[in-house]
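The structure appears below as structure tokens.
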Amino acid sequence: MKKKILVMMLAAMMTAASVVPAFAESPKGLAQGFGGSSTMTAETNGHWIQNRDGSWSFANDESGGLWKGWVVSQHQWYYIGANGVMLTGWQRINYEWYYFAVQRASSQPVGSLYMNKLTPDNYHVDGNGVWVG
């Protein structure tokens, strides 16, 4: 009887795990900081394009269109605005504040999300990049 219950619980857990997407709309709950601001979340299928004004966009490799929303590239989280351009600095996204690097600093590429560390202006962000004070 115990073995049957254990098998049923294991099957239920495996079923639940199989529906978790490799990439979601937000890093909340998916981001994993490792001392810097890197993540092990699956890379977004696309590539960076530098615009004429020096800003950056992320093109979807399948459709060719510009990506909008959360992107993972080279183990870093980025956010592409509604205009298709990578955001930097403090940004309010879905009622939460996030900080994206304005300039390159050691392991923090331009535009990448700060996670589990102090921002350049000395505010703390948690492991999901959300401002906590």
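The values are calculated or read from the model by the stated rules, or taken from the named source; none is laboratory data. This one's a predicted model, so the numbers in the text were calculated from it and none came from an experiment. Heads up, the Cβs are rebuilt from the backbone with ideal geometry, glycines too, and the neighbour counts pull from every protein chain shown. Surface areas here come from the heavy atoms of the whole protein model, side chains and all, with no ligands, DNA or RNA. Shrake-Rupley method; radii C 1.70, N 1.55, O 1.52, S 1.80 Å.
Some values worked out for this structure:
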item	result
Pairs where the first residue, in segment 99-121, is closer than 18 Å to Gly54 by Cα and the second is open to solvent by 40 Å² or more (accessible area, probe 1.4 Å) and not in a loop (DSSP other than H, G, I, E, B), C-beta under 7 Å, 6+ apart	Phe100/Tyr79; Phe100/Gln91; Gly111/Trp56
Residue in segment 51-65 that is open to solvent by 70 Å² or more (accessible area, probe 1.4 Å), at positive phi and not in a strand (DSSP E or B) present	no
Residue within segment 76-89 that is at pLDDT 95 or above, over 13 Å from the mean Cα position of the chain (by Cα) and within 17 Å of Trp131 (Cα to Cα) present	yes
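Yes/no per residue for (1) out of contact with any Phe, Trp or Tyr (no Cβ under 6 Å at 6 or more places or on another chain); (2) outside any loop (DSSP other than H, G, I, E, B); (3) surrounded by fewer than 16 Cβ atoms within 10 Å (Cβ to Cβ):
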residue	(1), (2), (3)
Val72	yes, yes, no
Ala82	yes, no, yes
Trp90	no, yes, yes
Tyr98	yes, yes, no
Gln103	yes, no, yes
Gly111	no, no, no
Asn128	yes, no, no
